[in-house]
Amino acid sequence: MSDQRLTIDPARRQPPIRKSTGTADRPFPQPKHVIGKPASSSSSDQPDGSVTFVGTATTLLHFPPFTILTDPNFLHKGDHVHLGPGVNSTRVTDPAIELEELPDIDVVLLSHYHEDHFDKEVEDKLRRDLPIITTPHAKKCLTEDKAVDEKFSEVYDVDTWQSMFVSAVRSSEGKDQGITGRSVKVTAMPGKHVPPGFLEKANDLLGAVPPTNGWMVELGSESHTSVFETGYRIYITGDTLLVDDLVSIPQRYSDAGKPIDLMIAHLGGTTIPSPSIPLLMVTMDGKMGVELIKLVKPEVTIPVHYDDYDVFASPLNDFKEEIKKAGLESKVVFLDRGDRYDFGMRNNKT
Ligand SMILES: [Zn+2]
């Protein structure tokens, strides 16, 4: 299958919420704190890109002219999610911004179809033609399985190791800001939300926990010969355990001369059906997070998805302690909800 392509037109943006009375060009949320380094490749004092942490696995990746929203979840403290047969969870935090306050979004990256990553309110309110890149399973849920007038119309399914390119209509506007010709390559990474073996087979039958993707989000540019050059590479783990399949990631990237600049790690040691009946852990705990850093070797890691729901059994302190033990403090950036991490592109494109 050839790579899928999505071209956005920054001049024709619409609000991400349907039936919205607002206009496009909505302001980007003001960060609580800004962490990180200024631009390296541009002369302005604007960073080349940034990650804003909203809560759970929800982030805003900004790489002008693109804004990417990951795993949108805008529920509040006390709200409930249904995560599969007999598994419910309560949110214990508030998101840093409200769904209605979102800036204009070009594309949503959805790792899997679970309510703590795509809640019912988000599903109801998002504009039907907002582009969504996700798993084949989630695509079916958002299209075929929905009533005719509720179907999402711009859903792209990307299976493990398949890629998709997002580029922008070239306009003279971008030229001055040095952003003309920028594009984004998204490749689906392996991930397993259920331990391999018997439980995975049982789950396949029950369909309880949906299949999940990780993402390699490569920020760069495409030359007129369509060669994609990456200046910053972000690995988003998705909800996965530390499984053998992940070994292929350093083999294809960090150990193959394609450095991973940033890893956004979904932690939390999510335990179902509940922390008081801990039968099964389905996301990495603090210890696994550190093992994954050693395996994938990202330059910087930002943990997310660690304290927003009561099924998260491994708090951020577990990870902090393990990071200390491993002497990796300088490789981790901790963002509070509402904080923004700024980064500059590498000068050597890989
Ligand atoms: Zn999750």
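The values are calculated or read from the model by the stated rules, or taken from the named source; none is laboratory data. These numbers were taken from a predicted model, which means no experiment stands behind them. Every residue, glycine as well, gets a Cβ built from its backbone with ideal geometry; the counts of neighbours run over all protein chains shown.
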Item to check | Matching residues, region 90-106, being more than 16 Å from the ligand (Cβ to nearest atom) and either assigned to a loop (DSSP other than H, G, I, E, B) or buried (at least 22 other Cβ atoms within 10 Å of the Cβ) (or both) | outcome: Asp94, Ala96, Ile97, Glu98, Leu102, Pro103, Asp104, Ile105, Asp106
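In region 260-280, which residues are farther than 22 Å from Arg340 by Cα and either assigned to a strand (DSSP E or B) or more than 16 Å from the ligand (Cβ to nearest atom) (or both)?
Thr270, Thr271, Ile272, Pro273, Ser274, Ser276, Ile277, Pro278, Leu279, Leu280
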Item to check | Tally of residues being within 16 Å of the ligand (Cβ to nearest atom) and either among the basic types (Lys, Arg) or outside any helix (DSSP H, G or I) (or both) across region 303-336 | outcome: 13
Checklist entry - From the list Ile272, Ile249, Ile236, which one is more than 24 Å from Asp159 (Cα to Cα), surrounded by 21 or more Cβ atoms within 10 Å (Cβ to Cβ) and among the aliphatic types (A, V, I, L, M)? => result Ile272
Item to check | Filtered residue count, region 123-153, keeping only those that are within 13 Å of Leu109 (Cβ to Cβ) and in a loop (DSSP other than H, G, I, E, B) | outcome: 3
Next on the checklist: Which pairs turn up if I take residues in region 303-318 that are among the hydrophobic types (A, V, I, L, M, F, W, C) and modelled with pLDDT under 95 and look for partners that are away from the ligand (no atom under 13 Å from the Cβ) and not in a loop (DSSP other than H, G, I, E, B) with beta carbon separation below 7 Å, at least 6 apart in sequence or on another chain?
Outcome noted: Val311/Ser274; Ala313/Pro278
Checklist entry - Just checking, which of Thr52, Thr70, Thr56 is on the phi < 0 side of the Ramachandran plot and within 15 Å of the ligand (Cβ to nearest atom)? => result Thr70
Checklist entry - Out of all the residues in region 190-227, which are within 16 Å of the ligand (Cβ to nearest atom) and modelled with pLDDT of 85 or more? => result Gly191, Lys192, Pro210, Pro211, Thr212, Asn213, Gly214, Trp215
Next on the checklist: Tell me the residue from Thr283, Thr230 that is within 16 Å of the ligand (Cβ to nearest atom), in contact with an Asp or Glu (Cβ under 6 Å, 6 or more places away or on another chain) and in contact (Cβ under 8 Å) with a residue 60 or more places away in the chain, please.
Outcome noted: Thr283
Checklist entry - Mind checking which pairs have a first residue in region 15-28 that is closer than 12 Å to Asp106 by Cα and exposed (fewer than 15 other Cβ atoms within 10 Å of the Cβ) and a second that is polar (S, T, N, Q) and at pLDDT 75 or above, Cβ under 8 Å, 6 or more apart or different chains? => result Ala24/Gln14
Checklist entry - Which condition number in (1) within 16 Å of the ligand (Cβ to nearest atom); (2) among the charged types (D, E, K, R); (3) surrounded by fewer than 21 Cβ atoms within 10 Å (Cβ to Cβ) is the one that Lys151 fails? => result (1)
Checklist entry - What is the number of the single condition among (1) within 17 Å of the chain's Cα centre (by Cα); (2) not in a strand (DSSP E or B) that Ile234 does not meet? => result (2)
Next on the checklist: If Val87 meets every condition in (1) closer than 22 Å to Thr59 by Cβ; (2) crowded, with 16+ Cβ neighbours inside 10 Å; (3) modelled with pLDDT under 95 apart from one, which number is that one?
Outcome noted: (1)
Checklist entry - Is it fair to say Val296 is surrounded by 17 or more Cβ atoms within 10 Å (Cβ to Cβ) and touching a strand residue (DSSP E or B) at 6+ places or on another chain (Cβ under 7 Å)? => result yes
Checklist entry - Here are some conditions: (1) within 23 Å of Pro64 (Cβ to Cβ); (2) in contact (Cβ under 8 Å) with a residue 12 or more places away in the chain. Ile272 meets all but one. Which one does it not meet? => result (1)
Checklist entry - Which residues, counting only those in region 107-118, are within 16 Å of the ligand (Cβ to nearest atom) and in contact (Cβ under 8 Å) with a residue 60 or more places away in the chain? => result Leu109, Ser111, His112, Tyr113, His114, Asp116, His117
Item to check | Condition met for Pro65 (modelled with pLDDT of 90 or more and in contact with a helix residue (DSSP H, G or I) (Cβ under 9 Å, 6 or more places away or on another chain)) | outcome: yes
